[in-house]
Structures are given as structure tokens and as C-alpha cells.
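Here you go, one structure.
The values are calculated or read from the model by the stated rules, or taken from the named source; none is laboratory data. Please read all numbers here as calculations on a predicted model, not as lab measurements. Cβ placement follows ideal geometry from the backbone for every residue including glycine, while neighbour counts extend to all protein chains displayed. Calculation scope for accessible area: heavy atoms of the full protein, side chains included, ligands and nucleic acids excluded. Shrake-Rupley method; radii C 1.70, N 1.55, O 1.52, S 1.80 Å.
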Amino acid sequence: MTTQNPAGMDARLHELAQRARSAQRSLATASGAIRAQVLEAMASGIHANCDELLAANELDMERAAELTRAQRDRLRLDAVRVAAMVSSIRDIARQPDVVGQVVDGWVLGNGLRVRRVRVPLGVIGVIYENRPNVTSDATALALYAGNAIMLRGSSLALNSNQAIVAVLKGAIWEVGLEPDLVAMVDDTTRAGALAFMQLGSAMDVLIPRGGPELIDAVRQHASVPTIIDGDGNCHVYVDRGANLEMATAIIENAKTQRPGVCNAMETLLVHVDVAGALLDRLDAVLSEVEFRGDETTRALCKRAVSATEDDYAREFLDLILAVKVVGSLDEAIDHIRRYSSGHSEAIITESYANAQRFVQEVDAAAVLVNTSTRFVDGGQLGMGAEIGISTQKLHARGPMGIEQLTTTKIVIEGEGQIRR
């Protein structure tokens, strides 16, 4: 991204940010009940306008013929997905209110009373690709945590996003708050993306949700603090002596339930002692999945094709599975350390000791034992929803819910103490 930004574009973005910040000040002091009321109005609005949202999405789908299957899946809305958007907003509203929460406190020897209080971040920016549900989820999370939000989606989802934002703004106005709490950036050009990343102090944090090109551009160009929602090259390791019936069910779910999302399984590591039996099962169950494997895998599964180095490092987001047969837990952990994107890693094992080693030695935002990587999701984990899954280590890691969209401030109270 080297395109220069016209001055007018910068001015428009800064005006949106200023209006969002002004609106946020009133929301930050609103009660949790008021913020929950806003979310209920948003959920009701989306439910009532389902047909209009689907019509807008159909316009986007008509322009998406050249997208991959996974990309089209992420872009598509239907009645079930709109209902899920409504449910997600209501789940968020049922979460405990964290704004104003006292995290901890203490009294010093000089009598000063100190407490750490949770407060909103301020103005959150989200730049994302073809996921219209992100528009409603991110807005609901941001507002319930007391923040304003600036949304910059992709050109391919523009009609869907505009329709959703119109409903959300109407709901905010209905409750009596300022619709400027939600700002949508309609400029979907590359220059517009760059200008958005470089809003500096006009935004408090920027969260990118998208592929490697978008993440790299944010890392290179952003002048705003960022929380990176990274790739999901997720591994499942099947240990020696694992329950193969359970392993088969978990692998099928992790790979095929929705292959085009970041918590889908991309690589299978299997201990040599159970590789033949497990691959026989998977050959039948995953008939629609292409296997790319090492030499041992290809000997055990005749339809597997040769895996390249790149295959073990890739996030396929498709019905493709990289497979490697390993001789030990150590070899599996070494492979994960080499290729992992730090998202979600799973072990299937009957050994408590091996499970504990895996949990302790694998460095990822989420580590799972005997369950599907598809559970690494804010809604599934009882957080209402998520604004993204952070693969970095500062401030937030893993699914980012309400608490991760706040920070803290120190409050100090005294009776005239001075420092000597």
C-alpha cells in the first residue's frame, strides 16, 4: 500500500472520529442498563429488518462470483445467520457490566486509598473483510463496553454493511443516544484503508480482521495502537493410544463444520502407532477433503497428495488438510512451534501427563484438550461474542470480548497527604 491520501479524505475521516469521540463521552458515563437497552434495540432492529438486510446482501453476493468458496461463505447472509446476529447481540447484553468495575484496591501505610477501575478504551477502529456479521458483533461489544466504534469493511460487503449500520444507528437514536457512536467509513479504496490506519490519536485502538495482506499493511502503516487478529493455522495432534472414535468426530468437526473461518483445523499431526487406523477412518468420513501429506501419510492413504513446506504453514480456509505422521509428542510439539500462527492448538489423548505437557509447552492463544478448535470463539466460550481473536500477547490474547475492550485507571484518594 503506497497510495497517497487526498487531504479531503483525511479531513472526512478525522471529522467522523471527532464526532465518535464526542458521542462516546456520554456513553462512557451511561449506566449498564442504558447500554443494555441500546443493544436490545439493535437486536430488535436487525430482527425486524431481516428481509432488507438479506436483499442488501444479495446485491453483494451477485458481485462475488469470482471469490473462493470460503470467501463467499464468509460474505453470505441468510435467515439463520441474521438470527444468529440477533442472538449474539442479546448474549452480549446479558454479560456482566465491566465498566466501572474495581479490579483491585489497597490502602498504603500513609493512609492513601488506591483502587484500579475498569474504563472504556474510547474510540475503537475495526478494519475487516467480507464478514457482515462482524459489523453487528463489533458494534455491540464496543458500545456495551462504553466505546464508540469506527467501521471500515470491504468493498464486496458494502451494501450489507451499510444496511446493518443504518439499523444500528436507528436503534441508538431510538434509545436517545447519539448515532455518531457508530461511524461507517464508506471509502473502501486502498488509499482509504491507509488513511484509516493513520488516524493517529483520533482513534484509541485499531483491530484488523482479515488475511495476511491486510495484517501486514496494518503492521507496516498503522499510526494507531493495534490488536492483531491473526491467521489461524490450527493443529490437532492425535496422541499414541488416543480414542480414535473421539478423534475422528473432533477432526471432522474441526475441519468441515465451517472450513472458511480462523478456528478451523488446518493441519493434522498423528502418532505413527495410530496413524494407519485413524487415516482409514478419516478417508471415509472426510471424503470431500483433500489430504496433503508426508511420505508416510501417502503410504497409508493412497488418495493423499504430496505436501509442500508451504502447505504446513498455510491457513487453507478450505476443504484441504495438511497431514504429518510423527513419532512422538516431542516431534508434534516441535512441528507446532515451527509452523503455528499462535491461534489454537489441540491434542487428543488419553494420557493426563501428555495433555499437561502439551498445555504447558505449546504457545498459542488457545490450547485445547480432547475437543474441537471450533470452540475458540467468544460466543461459544460464554463471552457473548468477540471482536476478534488476538494472537499477540500485549493487553489481550485469545477471543476479545467486553473486558478486552476496556482498560484501567488508577484512582487515589487521600486526606491531605503530601509526598516527603
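Against the definition (over 16 Å from residue 182 (Cβ atoms), touching a Leu at 6+ places or on another chain (Cβ under 6 Å) and either touching a residue at least 40 places away in the same chain (Cβ under 8 Å) or not hydroxyl-bearing (Ser, Thr, Tyr) (or both)), how does residue 70 come out, yes or no?
yes
Out of everything in segment 146-163 that is outside any helix (DSSP H, G or I) and open to solvent by less than 10 Å² (accessible area, probe 1.4 Å), what residue ends up being farthest from residue 191 (Cα to Cα)?
Among residues in segment 146-163 that are outside any helix (DSSP H, G or I) and open to solvent by less than 10 Å² (accessible area, probe 1.4 Å), the one farthest from residue 191 (Cα to Cα) is 146.
Can you tell me which residue is nearest to residue 138 (Cα to Cα) among those in segment 189-225 that are in contact (Cβ under 8 Å) with a residue 60 or more places away in the chain and of a type in the set (Gly, Ala, Ser)?
210
Still on this structure, I have one more. Give the residue that is surrounded by the most Cβ atoms within 10 Å (Cβ to Cβ), with candidates limited to residues of segment 289-344 that are basic (Lys, Arg) and part of a loop (DSSP other than H, G, I, E, B). Break it down stepwise before answering.
Applying the first criterion (basic (Lys, Arg)) to segment 289-344 yields 292, 298, 302-303, 314, 324, 337-338.
Within this subset, residues satisfying the condition of being part of a loop (DSSP other than H, G, I, E, B) are 302-303, 314.
Numbers: 302: 8, 303: 10, 314: 20.
Applying the filter and picking the extreme gives 314.
On to the next question. Looking at 55, 70, 64 in this structure, which one is in contact with a Phe, Trp or Tyr (Cβ under 9 Å, 6 or more places away or on another chain) and open to solvent by less than 70 Å² (accessible area, probe 1.4 Å)?
Exactly one residue qualifies, and that residue is 70.
Somewhere in segment 177-185, is a residue farther than 25 Å from residue 222 by Cβ, aliphatic (A, V, I, L, M) and over 22 Å from the mean Cα position of the chain (by Cα)?
So far as segment 177-185 goes, yes, one or more of its residues are farther than 25 Å from residue 222 by Cβ, aliphatic (A, V, I, L, M) and over 22 Å from the mean Cα position of the chain (by Cα).
Ok, one more. Looking only at segment 395-420, how many residues end up being without any contact (Cβ under 8 Å) to a residue 24 or more places away in the chain and of a type in the set (A, V, I, L, M, F, W, C)?
Number of matching residues: 1.
Look through segment 214-234, keep the residues that are part of a loop (DSSP other than H, G, I, E, B) and small (Gly, Ala, Ser), and return whichever of them is surrounded by the fewest Cβ atoms within 10 Å (Cβ to Cβ).
The residue in question is 223.
Tally up the residues in segment 73-103 that are open to solvent by less than 50 Å² (accessible area, probe 1.4 Å) and among the hydroxyl-bearing types (Ser, Thr, Tyr), please.
Residues flagged as open to solvent by less than 50 Å² (accessible area, probe 1.4 Å) and among the hydroxyl-bearing types (Ser, Thr, Tyr) within segment 73-103 amount to 1.
Any residue at all in segment 175-188 that is more than 23 Å from residue 60 (Cβ to Cβ), open to solvent by less than 10 Å² (accessible area, probe 1.4 Å), at pLDDT below 90 and not β-branched (Val, Ile, Thr)?
Within segment 175-188, none of the residues are more than 23 Å from residue 60 (Cβ to Cβ), open to solvent by less than 10 Å² (accessible area, probe 1.4 Å), at pLDDT below 90 and not β-branched (Val, Ile, Thr).
While we're on this one: How many residues, within segment 347-396, are part of a strand (DSSP E or B), farther than 29 Å from residue 408 by Cβ and open to solvent by less than 50 Å² (accessible area, probe 1.4 Å)?
Going residue by residue through segment 347-396, those that are part of a strand (DSSP E or B) are 347-348, 366-369, 389-390.
Then keep just the ones that are farther than 29 Å from residue 408 by Cβ; that gives 347-348, 368-369.
Cutting the leftovers down to open to solvent by less than 50 Å² (accessible area, probe 1.4 Å) gives us 347-348, 368.
Of the residues in segment 347-396, 3 are part of a strand (DSSP E or B), farther than 29 Å from residue 408 by Cβ and open to solvent by less than 50 Å² (accessible area, probe 1.4 Å).
Turning to a different aspect of this structure: Right, residue 143: farther than 23 Å from residue 264 by Cα, without any contact (Cβ under 8 Å) to a residue 40 or more places away in the chain, open to solvent by less than 30 Å² (accessible area, probe 1.4 Å) and under 20 Å from the mean Cα position of the chain (by Cα) or not?
Against the criterion (farther than 23 Å from residue 264 by Cα, without any contact (Cβ under 8 Å) to a residue 40 or more places away in the chain, open to solvent by less than 30 Å² (accessible area, probe 1.4 Å) and under 20 Å from the mean Cα position of the chain (by Cα)), residue 143 does not qualify.
Among the residues of segment 248-260, is there at least one that is touching a helix residue (DSSP H, G or I) at 6+ places or on another chain (Cβ under 8 Å), over 19 Å from residue 341 (Cβ atoms), surrounded by fewer than 23 Cβ atoms within 10 Å (Cβ to Cβ) and charged (D, E, K, R)?
Yes: one or more hits.
Among the residues of segment 397-420, how many are over 16 Å from the mean Cα position of the chain (by Cα), outside any strand (DSSP E or B) and of a type in the set (D, E, K, R)?
Keep residues of segment 397-420 that are over 16 Å from the mean Cα position of the chain (by Cα), which gives 406-420.
Next cut, outside any strand (DSSP E or B) only: 414-420.
So of that shortlist, the ones also of a type in the set (D, E, K, R) come out as 415, 419-420.
Number satisfying all stated conditions: 3.
Considering only residues of segment 398-420 that are small (Gly, Ala, Ser) and farther than 25 Å from residue 363 by Cα, which is most open to solvent (accessible area, probe 1.4 Å)? Write out each step before concluding.
The initial filter retains those residues of segment 398-420 that are small (Gly, Ala, Ser), namely 398, 401, 414, 416.
Cutting the leftovers down to farther than 25 Å from residue 363 by Cα gives us 414, 416.
Details: 414: 42, 416: 69 Å².
Among those that are small (Gly, Ala, Ser) and farther than 25 Å from residue 363 by Cα, it is 416.
Would you please name the residue that is nearest to the chain's Cα centre (by Cα), looking only at residues in segment 113-126 that are buried (at least 24 other Cβ atoms within 10 Å of the Cβ) and among the β-branched types (Val, Ile, Thr)?
Residue satisfying both the conditions and the ranking: 126.
Here's a check for you: in segment 261-274, which residue that is of a type in the set (A, V, I, L, M) and crowded, with 24+ Cβ neighbours inside 10 Å is farthest from residue 333 (Cα to Cα)?
Selected residue: 264.
Please go through segment 280-293 and pick out each residue that is touching a residue at least 24 places away in the same chain (Cβ under 8 Å) and over 31 Å from the mean Cα position of the chain (by Cα).
Selection gives 281 alone.
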